[in-house]
1. If I take every Cα pair under 8 Å that is 6 or more residues apart in the chain, average their sequence separation and divide by the length, what percent do I get for the relative contact order?
2. Normalised by the residues of region 17-79, what does the relative contact order come to in percent, with Cα pairs under 8 Å and at least six apart?
3. Leaving out ligands and nucleic acids, and using a 1.4 Å probe, what accessible area per residue does region 42-113 come to in Å²?
4. Run the paramagnetic zone check for Gln110: 7 angstrom along Cα to Cβ, then residues of region 51-84 with backbone nitrogen under 20 Å.
5. Would you kindly derive the ³J(HN,Hα) couplings of region 97-105 from the backbone phi angles with the Karplus curve 6.51 cos²θ - 1.76 cosθ + 1.60 (θ = phi - 60°), listing them in order in whole Hz, with x for Gly and Pro?
6. Using Cα springs under 10 Å in a Gaussian network model of the chain, which residue among Ala33, Ala97, Ala49 shows the largest mean-square fluctuation?
7. Stretch Glu88-Thr57 to full length: gain in nm at 0.36 nm per residue minus the Cα-Cα span?
8. Return the carbon/sulfur percentage of the accessible area of the chain, one whole number, probe 1.4 Å, all protein chains in place.
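The values are calculated or read from the model by the stated rules, or taken from the named source; none is laboratory data. Since the structure is predicted, the reported quantities are computational estimates derived from the model, not experimental observations. Virtual Cβ from ideal backbone geometry, glycine too; neighbours counted across all protein chains shown. Heads up: the accessible areas ignore ligands, DNA and RNA and are worked out on the full protein's heavy atoms, side chains in. Shrake-Rupley method; radii C 1.70, N 1.55, O 1.52, S 1.80 Å.
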Amino acid sequence: QVQLVESGGGLVQPGGSLRLSCAASGFTIRTYAMNWYRQAPGKERELVASMPTGGSTNYADSVKGRFTISRNNAENTVYLQMDSLKPEDTAMYYCRAQRSIFNYWGQGTQVTVSS
């Protein structure tokens, strides 16, 4: 059974850090492009960070220099390190795996940045 399970979200103060994890099962992430998206209430889902299979990374302008995507193929897990968090980073964060016609989503993990 193919599954993506996000974890690591929570409540953090502005300026703080969180590390999100996305554990995959039922397939191997090594051959998939892995992405992190987020969706705030009343807004469309947006791409935050992406990592194709070649190892390069891409980030939304709003998170460049603060967020870092990484993958551990041996653990079949993708991470999103989020530093210098801002209230506008508050959203549900989702992991996505893409390869050709294959497209998998996790259930999301909530991140709330508030004092």
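1. Details: 281 pairs, mean separation 42.7, N = 115.
Reported as a whole number, the value is 37 percent.
2. Values: 85 pairs, mean separation 23.2, N = 63.
Relative contact order here is 37 percent.
3. Values: 3820 Å² over 72 residues.
Result: 53 Å² of accessible area for each residue.
4. 82
5. Result, rounded to whole Hz: 10, 10, 7, 6, 7, 8, 8, 10, 10.
6. Looking only at Ala33, Ala97, Ala49, the largest GNM fluctuation is found for Ala33.
7. Details: separation 31, 0.36 × 31 = 11.16 nm, distance 2.21 nm.
Computed gain between Glu88 and Thr57 is 8.9 nm.
8. Values: 2780 of 6000 Å².
C and S fraction of accessible area: 46 percent.
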